[in-house]
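Here's the structure we're looking at; comments come further down.
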Amino acid sequence: MGKKKKYGVRDFINDVHLWLGLVSGIILFLVCLSGTILTFEEEIEGWFKEDMKVEVTGAKKSLATLVNDPNIQSKGTLTGLTVPTDETSPYEFSIKEDPKQRRGTTYEVNPYTGDVLAPQKTSVDDFMFSMFKLHRWLLMDIKWGRPIVGIATIIFLILAISGIVLWFPKKVKWKTVKAGFKVKTNANWKRINHDLHNTLGFYACILILIMGITGLCWSFEGYRDGLSAIMGTRVFGNRGGGPEVDLESLDNGKSINLEEAIALANKELDYDGTLSISLPSEENPAYSFRKIADDSWSTVAQDRLQLHVSGQVISKEIYADKPLNVKIASAIKAIHTGTIYGTFSKWIYFLACLIATSLPITGTIIYINKLKKKSKRRKKLAMA
């Protein structure tokens with residue numbers, strides 16, 4: 001009789017990888033599939049909606065005229081607007097149709113004619129919202145769905161780390177390592193399936209780790225607090241920035257209008273870029289501006305400015321001057337969803353999510369093939 005094979009560390013890691021994958025496979029498949037679809041959520045929804053065609057016809061209407069348009073006023077309370085630099089793009093007005101609304105409804109407005117395009121509701125919107133709920137809560141009650149997805153995410157992180165370890169052969173030589181970088185397409189289907197799991201999983205593992213680490217911020221408050229402590233800045237904290245200021249001390253009896261406020265903002269943030277404005281309210285007598293340069297690679301590289309209604313600067317926050325930890329913390333959502341570098345990063349995330357969706361399937365097939373192989377061996381031994 002041959003020597004009995006010792007149960008080593010690699011065997012333990014393999015068993016952890018196998019059984020955690022089998023237990024969480026269905027949940028991980030659903031979470032990754034919905035995440036893959038949500039990567040291009042805005043684009044998919046846009047395909048089924050009418051675009052506002054803006055033709056340059058003379059001078060643009062003043063913002064005061066547009067803001068005070070009875071058609072706009074009748075829809076509710078205007079809380080903010082976005083002014084793009086592209087002459088053929090519409091303005092976006094955020095209007096609270098109901099005081100209970102958190103963010104309001106976005107209307108597109110033609111800056112030349114004042115025409116308003118009402119938000120369009122399509123069946124795709126409902127489908128995408130279902131995907132969102134599936135991704136975050138498995139279509140369950142938040143109380144139960146959120147921690148279940150969180151636990152599945154922790155398992156996925158363990159699977160990714162153990163998968164990286166198992167990707168390396170027992171004897172690390174370039175000849176054996178090199179085989180793990182490609183799928184052997186001319187082999188039988190079992191080998192191809194194994195390579196798809198092993199090789200594609202390796203290529204996607206870094207992004208899977210990033211998505212898992214950031215995704216847990218939505219599942220567990222304690223995790224989010226811990227990550228904030230490690231990073232030295234608040235994750236999902238107040239993005240307004242700037243020190244606390246006694247607003248009453250800035251009140252000098254003067255009051256600037258919207259266009260004057262925008263002119264001051266563009267003077268302080270002197271470059272071409274899309275400007276988003278939050279309007280003053282009774283509780284907060286200040287204009288809040290966010291501006292991102294047209295030539296910026298990042299979608300989160302926004303500079304921020306607050307102006308008192310008197311025209312005095314309350315705070316000014318330049319993204320380039322922020323410490324690295326603050327930049328990362330403020331970009332957690334964009335890092336998780338892949339929107340941080342626009343379409344470029346979205347495509348990379350889409351492919352990584354697609355691979356992640358396939359891993360529970362290819363992994364289960366590998367396990368079934370091994371069971372069949374063991375069964376055949378037992379039959380041969382029984383017949384011997």
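Estimated from helices alone, the mean residue ellipticity of the chain at 222 nm is -17000 deg cm²/dmol (sum of -39500 (n - 2.57) over DSSP H runs with n ≥ 4, per residue). Treating the angle as unsigned and between 0 and 90°, give the value, to the nearest 10°, between the Cα long axis of helix 9-38 and the longest Cα principal axis of the chain. Once rounded, one gets 40 degrees. Projecting the Cα atoms of F12, P90, F236 onto the dipole axis of the chain, where Lys and Arg carry +1 and Asp and Glu carry -1 at the beta carbon, places F12 farthest toward the positive end. Overall size of region 61-220 from C-alpha positions, given as principal axis extents largest first: 75, 41, 26 Å.
Among the listed pairs K346/K370; K60/K267; K61/K267, those with a Cα-Cα distance over 26 Å are K346/K370. Given their separation in residues at 0.36 nm each and the Cα-Cα distance between them, T105 and F12 gain 28.2 nm when the chain is fully extended.
Computed over the alpha-carbon pairs of region 290-346, the distance histogram in 5 Å steps reads 4, 18, 23, 23, 15, 9, 6, 3, 0 percent, short to long. With Cα atoms defining each centre, region 51-71 and region 150-186 are spaced 56 Å apart in the structure.
Normalised by the number of residues in the chain, the average gap of Cα pairs under 8 Å and 6 or more apart makes the relative contact order 20 percent.
Think of a 1.4 Å ball rolled over the protein heavy atoms: region 290-335 then has 47 Å² of accessible area per residue. Remark: region 90-198 carries 63 Å² of accessible area per residue (probe radius 1.4 Å; ligands, DNA and RNA excluded). Estimated translational diffusion coefficient (Stokes-Einstein, Kirkwood radius over Cα pairs, 37 °C, 0.692 mPa s) of region 1-143: 167 µm² per second.
Its Cα gyration tensor gives region 244-384 an equivalent ellipsoid; the semi-axes, largest first and in whole Å, are 59, 15, 11.
For region 279-337, the carbon plus sulfur part of the accessible surface works out to 53%, probe radius 1.4 Å. Computed about the Cα centre, the dipole magnitude for the chain is approximately 5220 debye when only Lys and Arg (+1) and Asp and Glu (-1) carry charge, each at its Cβ.
Computed over the alpha-carbon atoms, the chain gives an Rg to Rh ratio of 1.09, Rh here being the Kirkwood radius from the mean inverse distance.
The values are calculated or read from the model by the stated rules, or taken from the named source; none is laboratory data. Quick caveat, the model's predicted, so the values are computed rather than measured. Positions of Cβ are generated from backbone atoms using ideal geometry, with glycine treated the same way; all protein chains shown enter the neighbour counts. Only protein heavy atoms, including side chains, enter the accessible area calculation; ligands, DNA and RNA are left aside. Shrake-Rupley method; radii C 1.70, N 1.55, O 1.52, S 1.80 Å.
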